[in-house]
Each structure stands twice: as structure tokens, then as C-alpha cells.
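Written below as C-alpha cells is the structure these notes are about.
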Amino acid sequence: ELTPGVLFANRYRIDQIIGRGGMGVVYKAADTQLDETVAIKTLPGDVMSRSPEDLERFKREIRLARKITHRNVLRTYDYGEADGVYFISMEFVRGYTLAELLEEAEAHQMATRVAMGIGRQICRGLEAAHEQGIIHRDIKPQNVLIDHKGEVKLMDFGIARMAEAHEGMTQAGLIVGTPHYM
């Protein structure tokens, strides 16, 4: 875990933890070279010995996500390794996940009009990914970020794959995704 205030990778001043996921921790940080706020997603340094597949998924996430340029897809900037920690730098968006908004909503439901607007933006982001031949494979409320203006950003392309890929990291007969949303 990175400490707030520390300079990471000789470039990013860590501000705070903004999330934890299955593969690592996400931080809000200041890019000292470009003077802008970014999000840094990290993997533990022992990932190579523990799970080389996780590192390959992490690398693939940036390769695929960088191909998509659309207002409804979170921009991914860079991939690297520093002090034994693998990381991705990406656009920082001040907002909430769809999961957080649903948790706060009365009866965990949104007004139809709001839900339709969010759904349309999710579809636009997916359309942009599909135009690049990328299938997300893990659409769920936790991977949909909504900013203060109501703009949606799809994120977490960790298990995405190219549509035309006939082989890859998924073994024949193996299903990937979040079971509750599959």
C-alpha cells in the first residue's frame, strides 16, 4: 500500500486511496510532470510469483483500453512498474460508481428517466469499444463511474478481449466475469 504524500515512480504524488478491487488498490495522485490529477491502479509486487495470469490481464487491460477514445470510457494513460509495484495511470473522475448510487437510491432503484440516460451512455461506451473489436465482459454497476454532471465512464477492462481473438487467456470451457451479473 502506498502512503499519502509519497512520490511514486518518480512522478506521481499519492493523495489518497479511492478504491480497492480484486486485483489491487486505486489511488488519487498528482502527476508532477503534467501537473494534473490522475488515478493510479496498482497490483502487488509479488503478482509475478503468485499469479502471472493477473499480470498479463493487467497489461492487456491497458493495451485494450488505450485503443478506445470515447467520452463514455475512462481514459487510460500509461503502464509501468516501480519499486516492485505494477501500475496503470488513468483519468481521474470525481464521482460515484453506479453501485454506490444504487445503494443510496430509495428501494435501490433509480427513476426510469435517469436509468435510461445512464443506460444510453453505457451503450455508447460499449459501442466505441466494439468498434475497436473489444468486448468488455464485466459490465456491472461497480465498473460504471458517473461524474457530477451525470456523464458515464466505463472502466475496468481487466477481463476484456478482442472480438476476433480465437484464443487467449481464457481456456476453452472457462467462463470469466462476475457471476451475479452474468
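State whether one or more residues within the stretch 155-178 are on the phi < 0 side of the Ramachandran plot, at pLDDT 85 or above and within 18 Å of the chain's Cα centre (by Cα). Yes, the stretch 155-178 contains a residue that is on the phi < 0 side of the Ramachandran plot, at pLDDT 85 or above and within 18 Å of the chain's Cα centre (by Cα). Restricting the first member to the stretch 1-22 and to residues that are closer than 22 Å to Tyr96 by Cα, and the second to residues that are in a loop (DSSP other than H, G, I, E, B), the beta-carbon pairs closer than 7 Å and six or more apart or on different chains are Ile14/Leu2; Ile14/Thr3; Ile14/Pro4; Ile14/Gly5; Ile14/Val6; Asp15/Pro4; Gln16/Pro4.
Within the stretch 49-99, if we keep just the residues that are at pLDDT below 85, of a type in the set (D, E, K, R) and closer than 26 Å to Arg120 by Cα, the residue that is surrounded by the most Cβ atoms within 10 Å (Cβ to Cβ) turns out to be Glu61.
The values are calculated or read from the model by the stated rules, or taken from the named source; none is laboratory data. Bear in mind the structure is a predicted one, so any value in this text is a computation, not a measurement. Counting neighbours? That spans all protein chains shown, and the Cβs are built from the backbone with ideal geometry, glycine included.
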